[in-house]
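Before anything else, here's the structure in question.
Values in this text are rule-based calculations from the coordinates and carry no lab data. Remember, it's a predicted structure, so these values are computed and weren't measured experimentally. Positions of Cβ are backbone-derived with ideal geometry, glycine not excepted, and every protein chain shown enters the neighbour counts.
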Amino acid sequence: MYDAIVISDLHLGSDVCQAKQLVRFLDTIKDDLLAARELILNGDVFDSWDFRRLKKNHWKVLSIIRSLSDHVKIVWITGNHDEPADASTVAHLIGAEIVERYIFESGHKRMLIFHGHIFDNFISKHPIVTHVVDFFYSLLHKIDKSFRLSRWAKHTSKTFLRCSAKIETEARKYAVKLGCDTVLCGHTHLERSSTSDGIAYYNSGSWCEAPCTYLTIADGSVQVHHYGDDPASDAVASEMPHPLSEGSYLESQASYLESA
Ligand SMILES: [Mn+2]
């Protein structure tokens, strides 16, 4: 039994949302194959508040969360796509508690969990560019079902990497300020696990492209997982080769970019 499972960036209502996989994943929690006391939705549960865009499996996700809430505590931390007023209504319907940030204690660790967009100065400075980037990102998803293009774009975009590195650095400072030793974010859609200055940082990635990712918390330790097509074959991410497996990859990219 995990203390908690954390997922983020579901983007329900968008074409890139991997709702079918999400339904299967949530069913494994419901069936107690993957048991947890809490399910934490770390932001961007919805992509937009136009409910006409929700497909059958998107509604199914909400319905499973609703039935999970009978025996699992559901915490929904708002992201930049989650309009607080609309989110609180939906949260009530699906049995979730809605917060801006969440402090979770597990083992002897105090963990700060928040979406991370408050440290993304790119979206606040360039709202229009962000929309254009979002558009091309969705387009890449549409033309390339293997997601290789969109993953490549993410891993090579200097602006994107700089932004992810900034969120990571600021999130650590924020954790220290709130007396936490571990910090969990979403928002960047890039799963991550790294420790620096005694503060562990994790990012839960997204449910917008395969492999979809989630974090588990048990006894003070956090693990990054990739969700496979077959729940039985879902693998621990650290066992898989990953371009960001080097602990300081983003920091070194960022400092290289600053000096360039
Ligand atoms: Mn976000």
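Just flag the trypsin sites (Lys or Arg not before Pro) in region 48-114 sitting in loop per DSSP whose Cβ has no more than 16 other Cβ atoms within 10 Å. Can you show the working numbers first?
Values: sites: Arg52, Arg53, Lys55, Lys56, Lys60, Arg66, Lys73, Arg101, Lys109, Arg110; in loops: Lys55, Arg101.
Filter output for region 48-114: Lys55, Arg101.
While we're looking at this one, here's another question. Which net charge results when you count Lys and Arg as +1 and Asp and Glu as -1 among the other residues whose beta-carbon is under 10 Å from that of His115? Could the numbers behind the result be given before it?
Numbers: positive: Arg101; negative: Asp9, Asp44, Asp82, Glu100, Asp120.
Net of charged neighbours comes to -4.
Report, in listed order, any pair from Lys73/Lys177; Lys73/Lys109; Lys73/Lys166; Lys109/Lys166 with a Cα-Cα distance greater than 29 Å. Write out the running numbers ahead of the final one.
Numbers: Lys73/Lys177 26 Å; Lys73/Lys109 19 Å; Lys73/Lys166 31 Å; Lys109/Lys166 24 Å.
Distance filter (> 29 Å) returns Lys73/Lys166.
Using a basic spin-label model with each label point 7 Å from the Cα along Cα→Cβ, how many nm lie between Lys55 and Gln223?
3.1 nm
What net charge is computed for the residues neighbouring Tyr2, neighbours being all others with C-beta under 12 Å from the C-beta of Tyr2, Lys and Arg scored +1, Asp and Glu -1? Intermediate results must be reported in sequence, preceding the final value.
On the way: positive: Arg37; negative: Asp3, Asp32, Glu38, Asp219.
Neighbour charge sum, excluding Tyr2 itself: -3.
Over what distance in Å are the Cα centres of region 181-198 and region 1-68 separated?
Value for the Cα centre distance between the two parts: 21 Å.
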